[in-house]
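Read the structure below first, then the notes.
Taken together, the values in this text are just the output of simple stated rules run on the coordinates, not laboratory data. Every value quoted in this text rests on a predicted model; they were computed, and no experiment measured them. Here the Cβ is made from the backbone with ideal geometry for all residues, glycine too, and neighbour counts use every protein chain on show.
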Amino acid sequence: MQLNRKILGHIAALLTVIVWGSTFVYTKLLLLAGLSPAQIFTLRFVIAYVLLLAFSLAQRRKRGFRWLADNWKDELLMVGLGIAGGSLYFLAENEAMNHTTTTNTSLIVCLTPLFAAALISCFYKSERLRPSQVLGTVLAAVGVVIVVLNGHFVLHLSPLGDSLAFLACLCWAVYSLLMIRANSRYDVVFITRKVFFYGLLSMIPYYVFVPEGMPSMLLLLKPEILANLLFLGFVASMLCFVVWNWAMKQIGTVTTTNYVYINPLTTIVFAWLLLDETITIYFLFGAALILVGMYLADRKTVKN
């Protein structure tokens with residue numbers, strides 16, 4: 001039974017990353033339709049929160065229902081998750097692309113597992129990596145660099161944009177760290193619902209300083225716009241966050257976070273399928289390094 005849950009955990013993490021790798025298409029279409037990054041984030045999280053809240057209320061007789069965590073420290077933990085994995089992460093990542101290249105942003109953000117593993121090992125001795133795991137993580141990171149650069153080894157440095165991308169990277173690393181404690185005390189549906197709630201709540205200061213409002217209902221009800229938003233809210237946000245958090249509980253935070261390395265692979269495959277982009281030898285070589293690196297990085301961690 002334990003082995004089956006481990007296998008399902010790996011499958012869940014892989015499927016989640018595949019879905020997240022496809023979201024660039026839907027987000028790009030919404031941006032072209034006139035929605036801003038902040039509006040897209042807010043709308044997808046509103047959809048996700050409302051649907052997950054409705055599910056929780058419908059299941060309250062079987063699973064029980066709670067609005068708050070057990071104590072104020074755990075509630076602050078949920079606030080941290082909502083900011084690190086929600087508002088601050090998405091704002092930093094989206095705003096980074098306004099000040100630097102998409103290549104730089106993708107490259108920095110996709111190196112999250114490196115920072116997550118280092119950060120988590122500082123707080124949890126049981127998660128410290130063996131030399132072979134360190135080698136695997138570095139190999140996977142090198143593979144990501146090769147895939148993202150795709151043979152064009154020229155980076156256009158932008159201090160502000162690259163710093164924002166690095167901030168997004170650190171946000172997801174902090175989210176991964178905080179999820180270890182959260183997963184040990186609460187079920188994944190409750191945690192994910194709180195992430196959406198505090199992610200939305202922490203967006204209020206942004207709208208105070210950047211009062212851009214919401215798109216018109218006429219625009220939002222267009223079939224193509226509504227379909228894209230529902231996919232991002234229901235599938236890419238609600239379902240994927242629940243599944244991702246569950247995978248962390250089954251196979252560990254470091255192992256789950258390593259699947260982020262696959263994100264650029266899925267993005268390029270979707271671009272090849274939907275946008276007729278070419279798959280190059282650099283992609284194949286980088287993909288091989290990522291897969292080998294992930295295999296080595298998934299070896300059992302040192303137990304103290």
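Tabulated results
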read-out: Vicinal HN-Hα couplings computed from phi for the stretch 32-38 (Karplus, 6.51 cos²θ - 1.76 cosθ + 1.60; Hz; Gly/Pro x); value: 5, 7, x, 7, 8, x, 5
read-out: Largest-first principal axis extents of the Cα set of the stretch 183-264 (Å); value: 44, 29, 24
read-out: Protection-proxy order for peptides 64-71, 229-236, each taking the mean of Cβ atoms within 10 Å per residue, highest first; value: 229-236, 64-71
read-out: Other-chain or far-sequence residues with amide H under 5 Å of Arg130's (modelled H); value: Val302
read-out: Lys73-Leu31 FRET efficiency (beta carbon distance; Förster radius 51 Å; 0.05 resolution); value: 0.85
